[in-house]
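Any read-out appearing in this document is the output of simple, stated calculations on the displayed coordinates, not a laboratory observation. On a predicted model such as this, the values are computed, not experimentally measured, just so you know. Backbone-built Cβ (ideal geometry, glycine too); neighbour counts: all protein chains shown.
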Amino acid sequence: MAVDRYPRKKTRQIMVGTVPVGGDAPVTVQSMTTTKTADVEGTLAQIYALKAAGADIVRCTCNEREAAEGLARIVPRSPVPIVADIHFHVEMALAAIEAGVHCLRLNPGNLRKPEEIKLVARECKDRDIPVRIGVNGGSLDKRLYDKYGGATPEALVESAQIELGLFAEVGFDNVKISVKASRVPVMVEAYRQLSEVVDHPLHLGLTEAGPPPAGTIKGTAGIGTLLMEGIGDTIRYSLTTDPVEEAKAGRTLLEALGLRERRNVDLIACPSCGRAEIDVYRVAQEAQVALESRSIPLQVAVMGCVVNGPGEARSADLGIAAGKHRGHLFIRGEIVRVVPEQDMVAALVEEAEKLVKEGFEARLAAADKGAAREAEADRAALLDAQGSDANRSEALVELINRRLDARGTAGEAQGPATGRGGPAPAG
Ligand code: SF4
């Protein structure tokens, strides 16, 4: 599948360490550590976990001397570029620069003295370190809050522009920008407005989204909407949970939109229904756990029955559908093996690994020649047993009508005749 399915708005490109952000660079995933930055080993362990989950860039707070010292030790050992998160204290920004961070995040809402902002910008300019202007609705400059009567999209955009103006005074424009709000419509509108007036790369995020699943859904609504409009160069989910979930969500969203190549499994599964021959939820969950820990860049399907499963999941790279105590393994809709029910997940994982290693042609050539015939027999037997109405809806409708007819169509006494079950009321 082609990447960049949604034409992206042209932005200038900056470099966060070795990672390009903006221009024609792939949209990147960010997250933030929750450890004390002074805890070097703990923070590095989290950074490695975030990278494994899909983060391209990681932010750490730099809120005290010990945190800045920690950054000096973390940066050289980090597998991804590090952004220092700065609030209130210009000294912490300067210390983070000394620590060698790859980017600073400055909050214009709480680092407000123009001379201090320009001092940091000059230092960043001299050392070629980019800055994210990180406007946040919850900590918006009070003057703008009063001017606009709240943290409106216009107020957020103006805050970013004021900061850009200060940077421009010292000739610094190595900048990306975020205008985060906690309400999706405000956030979306703020970024839309911002993208009309700047060409800097934009860092998308819905701030304080809360715990999953609601937080993930809200983040996806905001970030996904903008990405599909071509707005956004780097993203962060702000979830109240292990930040690894943020990185996973970010990566999953970009892969789902075709903005990044698939790196891990995309598990699809039917919602189950009266035809299901297995506990679809359990098998899908087991398959998800077994596959996500491996590098399987495939779309894999778990389907509850062999009657409709292989057909409905024909576009999946690989799938399994449940028959009577057996699973039908299929590659792009073609049955390649029939396995006992208890081996379904293991067979799926084994085949996924072989597919990645050997390719589709080889695995289709290695298919069990009798599998399709066996599968067809299972399918026919199930159709025989269940008929074409596994949920028995039509049988139930017939039963209801028979009973109503037998009782003289009681329901019709209060309304016009339905044409079934007797004459219309007289008069
Ligand atoms: Fe799943 Fe089969 Fe029902 Fe479709 S018909 S939802 S594949 S059990």
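Overview of results
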| quantity | calculated |
| --- | --- |
| Label-to-label distance, nm, for residues given as Glu398 and Thr34 (7 Å Cα→Cβ offset) | 5.6 nm |
| Sorted peptide list for 93-106, 67-80, criterion being average Cβ within 10 angstrom, highest first | 93-106, 67-80 |
| Where a label projected 7 Å from the Cα of Ala52 along Cα→Cβ would reach, residues of region 281-308 with amide N under 11 Å | 293-294 |
| Ratio of the Cα radius of gyration of region 1-113 to 2.2 N^0.38 Å, where N counts its residues | 1.13 |
| 5 angstrom amide H check on Leu204, placed H, neighbours 5+ away | Asp233, Thr234, Ile235, Arg236 |
| Mean projection area, nm², convex hull over Cα of the chain | 29.4 nm² |
| Expected 222 nm ellipticity per residue - DSSP helices of 4 or more, -39500 (n - 2.57), all of the chain, to 500 | -13500 deg cm²/dmol |
| Environment charge of Gln46, counting only residues whose C-beta is closer than 12 Å and scoring Lys/Arg +1, Asp/Glu -1 | -1 |
| Proximal aspartates and glutamates to Lys147, defined as alpha-carbon separation beneath 15 angstrom and excluding residues fewer than eight positions away on the same chain | Glu158 |
| Normalised per residue, the volume of the convex hull around the Cα set of region 270-325 (Å³) | 72 Å³ |
| FRET efficiency estimate (nearest 0.05) - Cβ-Cβ, Arg12 to Ala168, R0 22 angstrom | 0.95 |
| Ordering of 362-371, 287-296, 184-193, 321-330 by packing [mean C-beta count within 10 Å, highest first] | 321-330, 184-193, 287-296, 362-371 |
| Extension gain from Leu383 to Ser293, taking 0.36 nm per residue of separation minus the Cα-Cα distance | 28.8 nm |
| Computed log₁₀ I(q)/I(0) - Debye formula, equal Cα scatterers, no solvent, region 46-103, q 0.15, 0.22, 0.28 Å⁻¹ | -0.38, -0.76, -1.10 |
| In sequence order, calculated HN-Hα J values of region 98-109 (Karplus, 6.51, -1.76, 1.60; Hz; x Gly/Pro) | 4, 6, x, 4, 8, 6, 10, 10, 10, 9, x, x |
| Region 229-287 and region 115-159: distance between their alpha carbon centers, rounded to Å | 33 Å |
| For region 14-256, convex hull volume per residue from C-alpha positions, Å³ | 106 Å³ |
| Greater than 23 Å apart at Cα, pairs in Lys9/Lys125; Lys10/Lys176; Lys324/Lys369; Lys10/Lys51; Lys51/Lys176; Lys9/Lys180 | Lys9/Lys125; Lys10/Lys51 |
| Relative contact order of region 14-256, pairs being alpha-carbon contacts under 8 Å that are 6 or more residues apart, as % | 20 percent |
| Convex hull per residue volume in Å³, alpha carbons only, for region 266-386 | 82 Å³ |
| Ellipsoid semi-axes in whole angstrom, largest first, where each is sqrt(5λ) of the Cα gyration tensor of region 59-162 | 27, 13, 12 |
| Residue-count net charge about Val184 - beta-carbon cut-off 13 Å; Lys, Arg +1, Asp, Glu -1 | +2 |
